[in-house]
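Report on the following structure.
The values are calculated or read from the model by the stated rules, or taken from the named source; none is laboratory data. Since we're looking at a predicted model, the values are computed, not measured. When the accessible area is computed, the model is the full protein with side chains, heavy atoms only, and any ligands, DNA or RNA have been set aside. Shrake-Rupley method; radii C 1.70, N 1.55, O 1.52, S 1.80 Å.
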Amino acid sequence: MNTIFRKSMLSVAGLAFAGGVFAGPIAAHAATPAVDAKPVAVAVQSAAPKPQGDQSHITLNDEQSANVKAIIAATKKAGLPERAAVISIATSLQESKLENLGHLGDKNDHDSLGLFQQRPSSGWGTPEQITDPAYSTTAFLKGLKQVDGWQDMPLTQAAQTVQVSAYPDAYAQWEQQATDLVGQHWNS
């Protein structure tokens with residue numbers, strides 16, 4: 001056993017020595033400033049991920065703009081960052097085009113209502129609650145907070161995990177507009 005330990009230590013020491021021999025001259029040379037050095041561009045990763053795929057955009061009316069502000073206010077009240085508001089707004093853009101939809105009769109998807117097309121029969125709340133922008137946003141954010149790693153995952157994956165949509169990739173198309181809206185209204 002002593003022999004195995006000694007051989008292991010010699011192997012580690014040998015690797016350290018070899019690393020020093022090969023890296024030493026390079027490191028020493030790197031310490032000498034180059035005479036004609038040129039600046040090198042450095043890529044800086046932004047805090048928000050780039051939107052995935054083709055992006056859609058709609059012009060908002062006063063009601064839709066008020067709903068954007070209500071989503072942002074609920075996000076701030078919940079103590080969540082801008083990224084949560086971006087995910088919420090993109091989700092609402094996909095689900096309702098930021099319109100607080102009531103029952104749509106035959107056009108309705110089951111009993112889906114409000115900005116996020118949440119369903120009373122699925123436990124999201126009463127119809128009155130779901131059609132309250134502050135309540136429906138808070139309910140969506142509560143679901144979002146339960147998604148491990150939502151802050152770092154693609155928007156469409158975070159939204160889909162909460163919404164369980166038949167069209168899971170559809171949320172991604174609204175990421176740029178949602179990001180722009182949050183940038184425009186977060187500090188106003």
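From the backbone phi of segment 88-93, what are the Karplus-calculated ³J(HN,Hα) couplings (6.51 cos²θ - 1.76 cosθ + 1.60, θ = phi - 60°) in whole Hz, Gly and Pro given as x?
Those phi angles translate into 5, 5, 4, 5, 5, 4 Hz.
Using θ = phi - 60° and the Karplus curve 6.51 cos²θ - 1.76 cosθ + 1.60, what whole-Hz ³J(HN,Hα) does each residue of segment 77-87 get, with Gly and Pro shown as x?
My calculation for segment 77-87 gives 4, 6, x, 9, x, 4, 4, 5, 5, 4, 4 Hz in order.
With only alpha-carbon atoms counted, please give the Rg and Dmax of segment 55-188, in Å.
13.4, 40
Could you order ARG83, ARG119 by accessible surface area, starting with the largest, using a probe radius of 1.4 Å?
So the residues, ranked largest to smallest area, are ARG119, ARG83.
Enumerate the amide H contacts of LEU101 below 5 Å, restricted to partners 5 or more residues apart or on another chain; note that Pro and chain-start residues carry no placed amide H.
Long-range HN contacts for LEU101: GLY114, LEU115.
Once amide H atoms are built 1.01 Å from N in the peptide plane, which residues 5 or more positions from GLN118, or in another chain, come under 5 Å H to H?
Amide H neighbours of GLN118: LEU113.
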